[in-house]
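Trainee: Just dropping this structure here.
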Amino acid sequence: MSVLSTKHLLGIKYITTEDIQAIFKAASDFKEVINRPIKKVPSLRDMTVANLFFENSTRTRISFELAERRLSADVLNFTASSSSVSKGETLLDTVKNILSMKVDMVVMRHPAPGAHHFLSKHIDANIINAGDGTHEHPTQALLDAFSMQEALNDNLKGKNIVIVGDILHSRVALSNIFCLQKLGANVKVCGPPTLIPKHIQELGVGVEYNIRKALEWCDVANVLRIQLERQDTKFFPSLREYMLYYGINKALLDDIGKPITILHPGPINRGVEITSDVADSDHSIILQQVENGVAIRMAVLYLLSGKR
Ligand code: CP
């Protein structure tokens with residue numbers, strides 16, 4: 001039985017602030033574990049977790065696998081490109097076949113928004129959403145918010161956080177908005193009008209089209225990748241023009257002259273969303289995000305499994 005209010009992690013929208021705090025508390029404990037010489041605990045030693053990736057991933061896939069191994073789970077990896085999906089097998093048949101091998105938990109990335117909701121109506125195993133199309137990426141939002149709290153040495157209540165870039169195609173943006181609001185932060189989005197969803201204010205977020213004003217307002221900027229692979233029409237004239245109007249460089253940060261923490265969920269297009277002198281500067285906590293990702297995913301797996 002899950003220790004959280006839900007059996008699955010389908011999205012941040014469906015969990016409570018108390019769930020988020022419980023995940024952060026467990027992640028802090030696991031972060032201490034993974035910085036020890038012996039980084040493993042036996043918490044999930046009798047469990048099997050399947051990582052089902054129907055879409056490309058570097059960070060999330062590796063981070064989940066490492067989290068599962070650190071918890072001593074048995075791990076099964078599946079990638080769609082080398083599977084019988086290419087022979088026409090349905091998602092449900094693929095997953096049911098894998099589950100018949102006595103799998104307890106499923107971590108899945110899928111290009112179709114809602115694929116995890118569909119699956120949750122048909123299978124018993126716990127499901128963790130590792131990204132569903134342009135919908136949600138809950139563990140990314142959890143690790144982002146956890147990393148922000150760590151960098152600010154404070155909780156996020158009343159903090160000003162701007163999410164910059166391709167909001168329209170981003171699952172990270174929606175999960176971040178839900179998570180940051182549940183933690184009491186003020187959230188704005190910033191980007192070209194063509195990359196901001198039309199009715200986003202209805203989610204209670206502000207919209208700022210000027211990057212300098214957005215940065216002057218914020219304590220933290222979470223900078224998103226331009227998702228060219230999801231853009232079937234041109235949303236801005238060129239990457240060079242995007243960089244000129246929305247790219248964050250060190251000269252701009254120096255000119256604003258206040259401490260702004262910069263995150264990027266990766267993968268980065270260096271020289272497009274941020275320049276290297278920002279990505280590798282003291283403003284940036286990009287590698288801390290990746291480190292915290294393992295602890296957050298250990299916490300989610302552990303709490304959903306119901307182990308204590
Ligand atoms: N941040 C993120 O989801 O990266 P990957 O696509 O490499 O998993």
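Trainee: What whole-number distance in Å separates the alpha-carbon centres of segment 84-98 and segment 189-218?
Mentor: Rounded to whole Å, the Cα centres lie 40 Å apart.
Trainee: Something else now. How far, in nm, would the chain grow between Ser83 and Glu32 when pulled straight, counting 0.36 nm per residue and subtracting the alpha carbon separation?
Mentor: The Ser83-Glu32 span can extend by a further 14.6 nm.
Trainee: Next question. Choose one of Ile260, Ile128, Leu244: the residue whose Cα lies farthest towards the positive end of the charge dipole of the chain (beta-carbon charges +1 Lys, Arg; -1 Asp, Glu; about the Cα centre).
Mentor: My answer, from the dipole projection, is Ile128.
Trainee: Could you tell me the relative contact order of the chain? Use alpha-carbon pairs under 8 Å, at least six residues apart, and round to a whole percent. Walk me through the intermediate numbers first.
Mentor: Working: 563 pairs, mean separation 68.8, N = 308.
Taking the mean separation of contacting Cα pairs over the length of the chain, I get 22 percent.
Trainee: P(r) tail for the chain, what percent of Cα pairs lie past 29 Å?
Mentor: On the way: 16484 of 47278 pairs.
It works out to 35 percent of all Cα pairs.
Trainee: Also, quick follow-up: With a cap of 14 neighbouring Cβ atoms within 10 Å, and only residues DSSP puts in a loop, list the trypsin sites (Lys or Arg not before Pro) found in segment 31-100.
Mentor: Those satisfying the criteria are Lys39, Lys40, Arg45.
Trainee: Now, a different point. For Glu18, Glu208, what's the fewest-to-most ordering of other Cβ within 10 Å of each Cβ?
Mentor: Fewest-to-most Cβ neighbours within 10 Å comes out as Glu18, Glu208.
Trainee: Same structure, new question: Ranked by Cβ crowding within 10 angstrom, fewest neighbours first, how are Lys182, Lys258 ordered?
Mentor: Details: Lys182 20, Lys258 9.
Neighbour counts put them in this order, fewest first: Lys258, Lys182.
Trainee: I'd like to compare 243-253, 212-222: which one has the highest average count of other Cβ atoms within 10 Å, and what's the full order after that?
Mentor: Numbers: 243-253: 17.0, 212-222: 20.5.
Packing order, densest peptide first, comes out as 212-222, 243-253.
Trainee: What FRET efficiency comes out for Ser72 versus His122 if R0 is 35 angstrom and r is the Cβ-Cβ distance? Round to the nearest 0.05.
Mentor: On the way: r = 29 Å, r/R0 = 0.82.
That pair, Ser72 with His122, gives E of 0.75.
Trainee: May I pose another question? Tell me whether segment 55-112 comes out rounded, prolate or oblate; compute the Cα gyration tensor, take square roots of the eigenvalues as a ≥ b ≥ c, and use a/c under 1.5 as the rounded threshold.
Mentor: Oblate is the answer for segment 55-112, as a/c is 1.5 or above yet b/c matches or exceeds a/b.
Trainee: Quick test of the membrane-span-like rule: which DSSP H helices of the chain reach at least 20 Å along their long axis (C-alpha atoms) with mean Kyte hydropathy at least 1.0?
Mentor: What comes out of the filter, once short or polar helices are dropped, is 286-305.
Trainee: Strictly over 22 Å apart at the Cα level, which of Lys7/Lys121; Lys159/Lys182; Lys7/Lys39; Lys7/Lys198 would you flag in this model?
Mentor: In this structure, Lys7/Lys39; Lys7/Lys198 exceed 22 Å between Cα atoms.
Trainee: Tell me which residues come under 5 Å, amide H to amide H, from Leu9 once H is placed; ignore anything under 5 positions away on its chain.
Mentor: Sorted by chain and number, the residues that satisfy this are Ile127, Ile128, Asn129.
Trainee: Report the residues of segment 71-97 in range of a label on Asn56: point 7 Å along Cα→C-beta, backbone N strictly under 15 Å from it.
Mentor: 80-82
None of the figures in this text is laboratory data; all of them are computed from the coordinates on show. Owing to the predicted nature of the structure, the values given are computational and were not obtained by experimental measurement. Cβ: placed from backbone, ideal geometry, glycine included. Neighbour counts: every protein chain shown.
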